[in-house]
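Down below is the structure, laid out as structure tokens.
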Amino acid sequence: MSAWTPRRFWTTADVVPVDAGFAVQLDGRPVRTPKKALLVLPTEALARAVAAEWQAVDGKVDPAVMPFTRTANSAIDTVVPAFDAVADLLAEYGGSDLLCYRATGPEGLIARQAAAWDPLLDWAATALAAPLTPVTGVMHQAQPQASLAALTAAVRALTPFQLAAFHDLVAISGSLVLALALTRGRLTTDQAWSLSRIDEDWQIEEWGEDWEAAEIVALKHAAFLQADRFFALCG
């Protein structure tokens, strides 16, 4: 037996102020998460972005084309009840941050990484009180405990909704420092994306682009942009 898929039954998706924030309602009926919690967002702007996805539904409800709703559901159902565990999981990226692992060659790539990533490590050392040590090659480099503690504090300072979006920014880029620099205004979205792609872009320049790989990259880029917008709408 195939799984039941909900279909559109409503005329209008609305945003309604409630005690905890802003709820999304379908013809006056509250939307609930997969775990049956009320779908309540922290800001009106974010709630309207979620409501727009429900208003755009044509026929069957397809979560694959509702990224704001998916992330909001994740924030409520997953992040809120396990905030510390999720925050600590993301903070662990600081111990193996993309920006700290440098190529052994060729010289052009080494220079490009240094020019792109060193300023961000300098920023982390000053703005976050989290100096990190770059290393050549892929062998693990233990980072100062004080730096890791500072990065953990920075992640734990986020709200659950911010953390849900922040998760995608870190996981897609492979860099906690990049995600923090983006969400704190040190980088634009395009800059952060480009800086996360230094190695891949070098390989494309050398060997050309594979169309299947390009499709995967495009999906990741779209998800990165969506996560950044969700974070911005949180407050």
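Only helices (runs of 4 or more DSSP H) whose full extent lies in region 102-173 are considered here, and the ones with at least 1 residues that are farther than 24 Å from Lys220 by Cβ are 107-127, 145-156. A single entry from Ala232, Ala213 fulfils the requirement of being loosely packed, with under 14 Cβ neighbours inside 10 Å, farther than 19 Å from Arg102 by Cβ and without any contact (Cβ under 8 Å) to a residue 60 or more places away in the chain: Ala213. Of the residues making up region 57-92, those that are more than 17 Å from Ala227 (Cβ to Cβ) and either of a type in the set (S, T, N, Q) or assigned to a helix (DSSP H, G or I) (or both) are Asp77, Val80, Pro81, Ala82, Phe83, Asp84, Ala85, Asp88, Ala91, Glu92. The set of residues in region 9-44 being closer than 18 Å to Gly59 by Cα and among the aliphatic types (A, V, I, L, M) consists of Ala13, Leu26, Val31.
Restricting attention to region 180-235, the residues that are within 21 Å of Pro67 (Cβ to Cβ), outside any helix (DSSP H, G or I) and over 17 Å from the mean Cα position of the chain (by Cα) add up to 0. Total residues in region 32-56 satisfying the condition of being within 18 Å of Phe9 (Cα to Cα), part of a loop (DSSP other than H, G, I, E, B) and touching a residue at least 24 places away in the same chain (Cβ under 8 Å): the figure is 3. Listed conditions (1) closer than 30 Å to Leu39 by Cα; (2) in contact (Cβ under 8 Å) with a residue 12 or more places away in the chain; (3) out of contact with any Gly (no Cβ under 8 Å at 6 or more places or on another chain) are all met by Leu176, apart from (3).
On the stretch given as region 57-70, residues that are free of Cβ contacts under 8 Å to residues at least 40 places away in the same chain and closer than 20 Å to Leu41 by Cβ total 5. Scanning region 140-161 turns up one or more residues that are buried (at least 17 other Cβ atoms within 10 Å of the Cβ), outside the structural domain of Ala23 (by TED's automatic domain parsing) and farther than 30 Å from Asp77 by Cα. Checking the stated criteria, Gly105 turns out not to satisfy the condition of being assigned by TED's automatic domain parsing to the domain that holds Val217, surrounded by fewer than 21 Cβ atoms within 10 Å (Cβ to Cβ) and either closer than 21 Å to Phe231 by Cα or in contact with a strand residue (DSSP E or B) (Cβ under 8 Å, 6 or more places away or on another chain) (or both).
The values are calculated or read from the model by the stated rules, or taken from the named source; none is laboratory data. These numbers were taken from a predicted model, which means no experiment stands behind them. We place every Cβ from the backbone using ideal geometry, glycine too, and count neighbours over all the protein chains shown.
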